[in-house]
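Input: a single structure, listed below in structure tokens.
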Amino acid sequence: MRYLVTFFWAFLLMQMVNFILNSLAGGGPLNFWTGILLALFISFAVFVMDALTNISKDPNAGDQH
């Protein structure tokens, strides 16, 4: 579920950035797929970083007692 929410927010934010940059560049035709591809890339990067940093599910793994 958290990856779906990550993709949702990445999709919304990348579409907004895509729209603003397109408007600043002269307002040509808006390429919808650029935002989707960037959102997929960001979601994949978050997934990889989560997999690499999620070493242990044990909440007491860091205790030294």
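Quick note: the coordinates plus some simple rules give every number you see, no bench work behind them. Here the structure is a predicted model, which means the values were calculated and not measured. Note that we place each Cβ from the backbone using ideal geometry, even for glycine, and neighbour counts take in every protein chain shown.
Here the gap between Y3 and W33, fully extended at 0.36 nm per residue and compared with their Cα-Cα distance, gives a gain of 8.8 nm. For the range 1-46, the gyration tensor built on C-alpha atoms gives a prolate shape. Its axis ratio a/c (a ≥ b ≥ c) is at least 1.5, and a/b is the larger of a/b and b/c.
For N22 and V46, what is the calculated FRET efficiency with R₀ set at 30 Å and r taken between the beta-carbons, to the nearest 0.05?
It comes out at approximately 0.75.
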